[in-house]
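Engineer: For reference, the structure I am asking about is given below.
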Amino acid sequence: MNVRKIVHVDMDAFYASVEQRDDPNLRGKPVVVAWRGKRSVVCAASYEARRFGVRSAMAATHAERLCPDAIFVPPDFTRYKAASQAAREIFLRHTDLIEPLSLDEAYLDVTENKTGLATATRVASAIRKQIFEELNLTASAGVAPNKFLAKIASDWRKPNGLFVIQPADVETFLIPLPVGRIPGVGKVMESKLGELGVHTVGDLRERELGVLQAIFGRYGTRLHGLARGVDENPVRPNRPTQSVSAEDTFERDVLLAETEPMIRRLAEKAWAAACKEPRTARTVVLKLKTKEFTILTRSLTPEMPPSSAEELTKIALSLCERVNLGRYQRFRLVGVGLSNFRDAAEDDQSMLF
């Protein structure tokens, strides 16, 4: 059987690193990419800030308490996207099989590469070298026989590191790993596994498939495979967009009746993003988060997809009527999205039945 050669490239502290690259005054200092304010969250933190415990998705106010000397920089996604595209152009020199996960990370299948390099390790080394020399940024990379292992490997020697898991070493590498290192196993899942006496991947390997399926459903099947280093998912280049959305958190909790201006603004943003897609979205989604942090969504798939920002706004506002939590319920976040993307041929086929 032909063994795949997968590289997972993960840019180091990407947004913060771009800021430090572009402003010499920020280099070597604790940089936090975030808007200031009670409702803001951290988009990225430099490694200097991470030493104080600052992490992505943390409340900006908490980050400020942890690192009082942190320099807060508002995010500039235009520059981050430009840097991401430049990195992608480097990837394309080596392979066309690229699956971006976000602006700062991607899977590459280099089982066959364009540059004639003998091993996947050499390809990963060349990519990291080109990123550093041409973009003045650093990236960590993991090399392995599949996506699951490559992702773990890329985190092994961060920042600015390269780690390789050879096919013959998979079992030896996996068995002592804490189950929390498995992508997708969060704190809740880790706690549930702990209750079963499962703390390492080796422990997980001892659990029968049927037991894992009974407790975790379909994900139990995946856990059983991952514990053995099995991941057949291929690198999927040009993966079609599943949804686009825009959301924002209010400065203060508001009543549903007060969300209209924000919904109108977010609908405009979501429509602008959807217009960049070659396919048409069929479903409109309204997302709300209550002051108690409960998330609820309402969606509608009209007979004809919205054809303008105005139509999208009208549908999104109408979905508010299906929120029945009482007139005094307050909300901290609202979002508007479009999903269920289809191309013209699919729409034509659906009209036949």
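Engineer: Could you list all residues from region 160-208 that are in contact (Cβ under 8 Å) with a residue 40 or more places away in the chain and surrounded by fewer than 16 Cβ atoms within 10 Å (Cβ to Cβ)?
Structural biologist: Matches in region 160-208: 160, 167, 171.
Engineer: Can you pull out the residues in region 321-339 that are assigned to a helix (DSSP H, G or I) and touching a Lys or Arg at 6+ places or on another chain (Cβ under 8 Å)?
Structural biologist: Correct list: 322 only.
Engineer: Does residue 298 satisfy the condition of being farther than 18 Å from residue 332 by Cβ, in contact with a helix residue (DSSP H, G or I) (Cβ under 9 Å, 6 or more places away or on another chain), assigned to a strand (DSSP E or B) and of a type in the set (Lys, Arg)?
Structural biologist: Working: farther than 18 Å from residue 332 by Cβ: no; in contact with a helix residue (DSSP H, G or I) (Cβ under 9 Å, 6 or more places away or on another chain): yes; assigned to a strand (DSSP E or B): yes; of a type in the set (Lys, Arg): yes.
So residue 298 fails the test.
Engineer: So which of 241, 280 is over 21 Å from the mean Cα position of the chain (by Cα), closer than 29 Å to residue 96 by Cβ and touching a residue at least 40 places away in the same chain (Cβ under 8 Å)?
Structural biologist: On the way: 241 fails: over 21 Å from the mean Cα position of the chain (by Cα).
Of 241, 280, the one residue that is over 21 Å from the mean Cα position of the chain (by Cα), closer than 29 Å to residue 96 by Cβ and touching a residue at least 40 places away in the same chain (Cβ under 8 Å) is 280.
Engineer: OK, next. When residues of region 226-244 are filtered for being at negative phi and surrounded by 15 or more Cβ atoms within 10 Å (Cβ to Cβ), how many remain?
Structural biologist: The initial filter retains those residues of region 226-244 that are at negative phi, namely 226-228, 230-237, 239-244.
Still in the list and also surrounded by 15 or more Cβ atoms within 10 Å (Cβ to Cβ): 226-227, 231, 235, 237, 241, 243-244.
So the count comes out to 8.
Engineer: Pick from 36, 50, 27: which is loosely packed, with under 14 Cβ neighbours inside 10 Å, outside the structural domain of residue 252 (by TED's automatic domain parsing) and in contact with a Pro (Cβ under 9 Å, 6 or more places away or on another chain)? Outline the logic, then answer.
Structural biologist: Working: 50 fails: loosely packed, with under 14 Cβ neighbours inside 10 Å; 27 fails: in contact with a Pro (Cβ under 9 Å, 6 or more places away or on another chain).
Unique residue meeting the criteria: 36.
Engineer: Follow-up. Of the residues 324, 340, only one is on the phi > 0 side of the Ramachandran plot and either modelled with pLDDT under 85 or not β-branched (Val, Ile, Thr) (or both); which? So that I can check it myself, show each step before the final result.
Structural biologist: Details: 324 fails: on the phi > 0 side of the Ramachandran plot.
Every option except 340 fails the conditions.
Engineer: A further question on this structure: Please count how many residues of region 198-211 are closer than 15 Å to residue 182 by Cα and either modelled with pLDDT under 90 or in the same structural domain as residue 152 (by TED's automatic domain parsing) (or both). It would help to see each step written out before you state the result.
Structural biologist: Pass one, region 198-211, residues closer than 15 Å to residue 182 by Cα: 198-205.
In the following step, the residues that additionally are either modelled with pLDDT under 90 or in the same structural domain as residue 152 (by TED's automatic domain parsing) (or both) were identified as none.
Residues that pass the stated criteria total 0.
The values are calculated or read from the model by the stated rules, or taken from the named source; none is laboratory data. Bear in mind the structure is a predicted one, so any value in this text is a computation, not a measurement. Every residue, glycine as well, gets a Cβ built from its backbone with ideal geometry; the counts of neighbours run over all protein chains shown.
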